Amino acid sequence: QVQLVESGGGLVQTGGSLRLSCAASGSRFSLKAMGWYRQAPGKQRELVAVITSGGSTNYADSVEGRFTISRDNAKNTVYLQMNSLKPEDTAVYYCNAPYYPFESWGQGTQVTVSS
């Protein structure tokens, strides 16, 4: 079964914005911390943003001040608002639960930032 579905990626110029969405299945969504990850070609997947079940957030230094993670528990959805995008943000973006991961990763959504 599909558990995580990412969407919202695309091609954007440097300085532009995108909003990513992650729709998750399961009745325990509201109890999970959720995170956004990204993986650029030839690089390891990295965690860029986390939101806890209580709404606290943390960001990687590389995206601090530019990205905002949020969640809507009624919709089982987590969002990533991405502003002031840079070419180094180019990657496939995934969501998952850092502490209690879903059974499988989603397909991810491609974000490409042109210079």
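Amide H to amide H, with H built 1.01 Å from N, Val48 comes under 5 Å of Trp36, Tyr37, Arg38, counting only residues 5 or more places away or on other chains. Scanning the chain for GluC sites (Glu not before Pro) that sit in a DSSP loop and have at most 12 other Cβ atoms within 10 Å, the longest stretch containing none of them is 1-63. Partners of Lys86 within straight-line reach, counting aspartates and glutamates whose Cα lies under 20 Å from its Cα and excluding those fewer than 8 residues away in the same chain: Glu46, Asp61, Glu64. Within a straight-line Cα-Cα reach of under 28 Å, Lys75 can be paired with the following lysines, leaving aside sequence neighbours fewer than 8 residues apart in one chain: Lys32. Note that the range 7-17 has calculated 3J(HN,Hα) couplings of 7, x, x, x, 9, 9, 7, 3, x, x, 9 Hz, one per residue in order, obtained from phi through the Karplus relation 6.51 cos²θ - 1.76 cosθ + 1.60 (θ = phi - 60°); glycine and proline are x.
Taken over the alpha carbons of the chain as equal point scatterers, the Debye sum produces base-10 log I(q)/I(0) values at 0.09, 0.11, 0.22 Å⁻¹ of -0.21, -0.31, -1.24.
I need to check one value: relative contact order of the range 38-84, counting alpha carbon pairs closer than 8 Å and at least 6 residues apart, in percent.
Reported relative contact order: 25 percent.
With all protein chains in place and a 1.4 Å probe, the accessible surface of the chain carries 46 percent carbon and sulfur.
May I ask you to give the solvent-accessible area per residue for the chain, in square angstrom, as obtained with a 1.4 angstrom probe?
Per-residue accessible area for the chain comes out at 55 Å².
Taking Ser21, Ser104, Ser70 in turn, the Gaussian network model of the chain (Cα-Cα springs below 10 Å) assigns the largest fluctuation to Ser104. With contacts taken as Cα pairs under 8 Å at a separation of at least 6 residues, the chain carries a relative contact order of 37 percent.
The values are calculated or read from the model by the stated rules, or taken from the named source; none is laboratory data. Source: prediction; values computed, not measured. Quick reminder, even Gly has a Cβ in these numbers, built from the backbone with ideal geometry, and neighbours come from all protein chains shown. All accessible areas refer to the heavy atoms of the entire protein, side chains included, with ligands and DNA or RNA removed. Shrake-Rupley method; radii C 1.70, N 1.55, O 1.52, S 1.80 Å.
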